[in-house]
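Here the structure is laid out as structure tokens; the discussion comes afterwards.
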Amino acid sequence: MDNIRNFCIIAHIDHGKSTLADRILELTGVLHTTTNAQVLDSMDLERERGITIKAKSVRMPYKSKDGQDYILDLIDTPGHADFNYEVSRSLKACEGAVLLVDASQGVEAQTIANAYLAVDAGLEIIPVINKIDLPNAMIDECRQQLEDTLGLPGKQALLVSAKDGTGVPELLEAIVTLVPPPKGRVDEPLQCLIFDSFYDVYRGVIPHVRVFQGSLRHGDRIMIKSTSEVYEVDEVGYFTPKLTPCEVLSAGEVGYVGATIKNVGAIHVGDTLISPEHPETPEIPGFRRSQPMVFCGIYPINTNDYGRLTAALEKFQLNDSSIVYEKESSAALGHGYRLGFMGMLHMEITMERLKREYGQELVATMPSVVYKVFTTVGEDLYIDNPSRFPDPTRIDHIEEPLIRLRVIVPNEFVGPIMELSDSKRAKLVAMEHPDRRRALLTYEFPLAEMITGYYDKLKSVSRGYASMDYDFLGYRGGDFVKVDILVKENQVDALSFISVRDSAMPRARVLIHRLRKLIPRHLFEIPLQAAIGSKVIAREDIAPLRKDVLAKCYGGDITRKRKLLEKQAEGKKKMKMVGSVEVPQEAFLLLLKMEE
Amino acid sequence: MRGLYIHIPFCVRKCSYCDFYSLPGRQDRIKPYVSAVITEARAYAGLSFHTLYLGGGTPSLLGAEQLKNLIGGLRETFDLGGLVEATVEVNPESATPGFLDAAMDAGINRVSLGVQSLSDCELESVGRVHTAARAIDAMTLSRNLGFTSLSADLIIGLPGQTWNTLSAALETLVRLGINHLSVYCLALEEGTPLAQRPLGNLPSDDTQAELFELARAFLIGQGFIHYEISNFARKDHECLHNLNYWRGGEYLGLGPAAASHLQGRRSRNRPTLDAYVENPTGQVEYVETLGGEEKAAEEAMLRLRLLVEGIDPGVLSGRFSPATIETLVSRLDDMVMRGMLEFDNSRYVLPASRILTSNEIFREVLGTGTCGVPGGRHCEV
């Protein structure tokens, strides 16, 4: 066990984490030089977006300079703030972290956030400056930033070019020397953390585990601490990155367990596996299970697909346990689910993955944060769906979630960023300068403003130079109202939204105006209204359709005309009925894009 | 009742809104084309017809001689002894005394003039070849030559059109003695030059609807009957050939792009002149034989276009078995309950208020209403 090193690489997006992982795999002989780069990013979506979503691990043999044999286990981590949850559980399986900084970019917002997480997890941090081959590499500035913003020994930072391999052998030596070996005894009862899992059609749920004490082998009985369910192990092994069976997984090792767990809901990431003979073995503590912060409803386009959606979500959660969902039904959209996400990117990626991996066509409603509603009778309710807000007369006051937002941006964009943030009700709490040319702005920021397109705007006003990261801060009171949307006197629950009172009217006007363009004209007039309680704050009317008639059926070509009518009827089947009004599916996506 | 339609796919110039099959500048092919039509006709030799309709394109481009050859050939091939109506579409610029004389001699008894508008600006804006004055001359000439059944086409929604120009046209046409008028709303058909480059001063759909309502009121005031969605006629001057279409009757269409309905089977020829002249009998590109219920629904949809005649349940049950029309009739009854149809004088008819918004009603009659369920009720979620 003294020769095992479990480590991860943490970095801001695009700072070269996956490329470095490839070089390490090549150098240890696990991977032969390949044209299809970035082995750990196996999901298509990850490669397309250039970000790593799912944590995975790879075991590598390594012979150090002093001739000793080591086992290195690299645990991959996602880089974006939304995936902190996955980062934190991956960190839990390691003893050390390589903190990677792009020499041409310097310390960015996610560098800071990830470094804090690693410090909190008690990991040994090895600072590394990457991309030193670039002509605009600023090695000295990076060293200084590591010292100033993170308190790390910047002077000792290793210099690497993951692209051409420079410095990577030295990095492997440093991992062996600096990262402590895992602790924990093989002769103690089993204690094992599930830090990830996936579903195999033939073998059921396959948990990814880190053994903290004891050992696991074929034929062992294991118990899930939280549920006391017992299974028999039919295979143990590790990742190379393919699944490679082995005799035993002992304390300190990372690998997988096959135990024919067919029920997708039986295993949760973060659970502890113990031996049924020693049910008193404690859980592995300190595993941070963060709460989802953004919610939206998803509905199958075709109501008959509800069963398929249910099955897809069950499997999906196994792969991404940070997703929470529960049944929801909407008068406008039928039966669906309300999903909770770590953030907007998480939501977007989840929707994409659901569509791709499970072939589901979905309608998503506008995202909402979780409001804390205090009622006049003294309840405090967490409400993640505007349509479930209590009647205004029952509400004493409302609080909204706040985040601590860190933005790093070149000095020349500080003005526009401040202006943008002010318009989003942000409160600047600190402004620092990690180096001469950049500022680090720290804000108290309403999460609700974040989910309505702040990130995209941040990128555009800073011409792509700004980086940001955030963590949850707490709740703060404010003057909020629920705005309902009425289509011909019928309330459309899926379009209700919560707003600060002052901006309710302008938002409602934009929404109503767009809705008017989306809903086709009908034979009758359709008033579109936005209302707070019974008070209408915006209204537009869709004038009745006066002409919808087939002109001449010339020369007796009846078939073509009949087909035209049939095609129209087909199109109408895709509409959702709100009272007597046919509303196209796109209308429900409207608020998502509203602030753009 | 059986109709014979001959498509004449030649034009001097293509109008910018037109998506019918017709070719400008191919008049050199008229002679072989007429022979080809006769050849196609021979495949149906011996059939009898009660109406004949020469449509286009521009049938008046045939000229006197080819018109004579065409109708002569048809008379040799078919039994036209019972012909009660024979229409030729005439464009003002080719309405020569020679052609109209020849038409009269050949037994044509109805002239349908492609007037479209009596404003030179409007005519020019969509690429019509003729002027308003030429159209008026053609009308006068036809009447003076002894044609007693005179029809004109008008388009609603031409660029720059207002009630001023439209009402002036209507008054002139009525004064000139027409007894039939087809009024079509301009539609931007996919692929036409007008749809690709719509003119800025095109009246909106709402304006079209307004103009149509005004025109309808004017014509009814003048004693015309609004007998079909797009057609007005003085009593006993309805177009029998077209009535036969709406009544689900049989017809044979000859020529490229022509459609036929014989023995319950609908078919259509390929729209290619050259291939047709080469092989006139091998051009069928589409055939459809609907099942009983669909067929009845289709006929009901067509008959509802006849605003006065509508659907007589007695006539329907004479043409289809009771089992075939059972769901259709209950659907129609249901639509009466919901105000989408009226039951008047023991006939189902389209309410006057729904003439211009009849597509929804037709969709339901076809049984392809919002949910595709018989009865076509909306699906509430």
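I'd like the orientation of helix A:501-518 relative to chain A: the angle between its Cα long axis and the longest Cα principal axis, in ° from 0 to 90, rounded to 10.
The angle comes out near 70 degrees.
Give me the net charge for the shell around A:GLY96: Cβ to Cβ below 9 angstrom, other residues only, Lys and Arg +1, Asp and Glu -1.
Working: positive: A:ARG5; negative: A:GLU95, A:GLU124.
It works out to a net charge of -1.
Tell me the relative contact order for region B:2-245 as a rounded percent, counting alpha carbon contacts under 8 Å between residues six or more apart.
This gives 18 percent for region B:2-245.
Averaged over peptide B:177-183, how many Cβ atoms belonging to another chain are found within 10 Å of each residue's Cβ?
Details: counts 0, 0, 0, 0, 0, 3, 2.
The mean count of partner-chain Cβ atoms within 10 Å per residue comes to 1.
Using Cα pairs closer than 8 Å and at least 6 residues apart in sequence, work out the relative contact order for region A:372-478, in percent.
After rounding, I find 35 percent.
Can you check what the net charge comes to around B:MET1, using other residues whose Cβ is under 9 Å from the Cβ of B:MET1 (Lys, Arg +1; Asp, Glu -1)?
Spelling it out: positives minus negatives among the neighbours equals +1.
Counting only other residues whose beta carbon sits under 10 Å from that of B:LEU113, what net charge do I get with K and R as +1, D and E as -1?
So the surrounding residues net to -2.
Using a 10 Å cut-off around each Cβ of peptide A:536-547, what is the average number of partner chain Cβ atoms that fall inside?
3
What Kirkwood Rh does the protein assembly as shown have if only Cα atoms enter the pairwise 1/r average? Answer in Å. If you can, show how the numbers build up before the last one.
Numbers: mean 1/r = 0.0291 Å⁻¹.
Taking every pair of different Cα atoms in the protein assembly as shown, averaging 1/r and inverting gives 34.4 Å.
Given DSSP loops and a limit of at most 14 other Cβ atoms within 10 Å, what is the longest stretch of chain B that contains no such GluC sites (Glu not before Pro)?
Within chain B, the longest run free of exposed GluC sites (Glu not before Pro) spans B:191-379.
For region B:1-128, what relative contact order do you get, as a whole percent, if you take Cα pairs closer than 8 Å and at least 6 residues apart?
Relative contact order for region B:1-128 comes out at 28 percent.
Readers should treat all values here as calculations from the given coordinates under stated rules, not as data from a laboratory. None of the values given here were measured: they were computed from a predicted structure. Note that we place each Cβ from the backbone using ideal geometry, even for glycine, and neighbour counts take in every protein chain shown.
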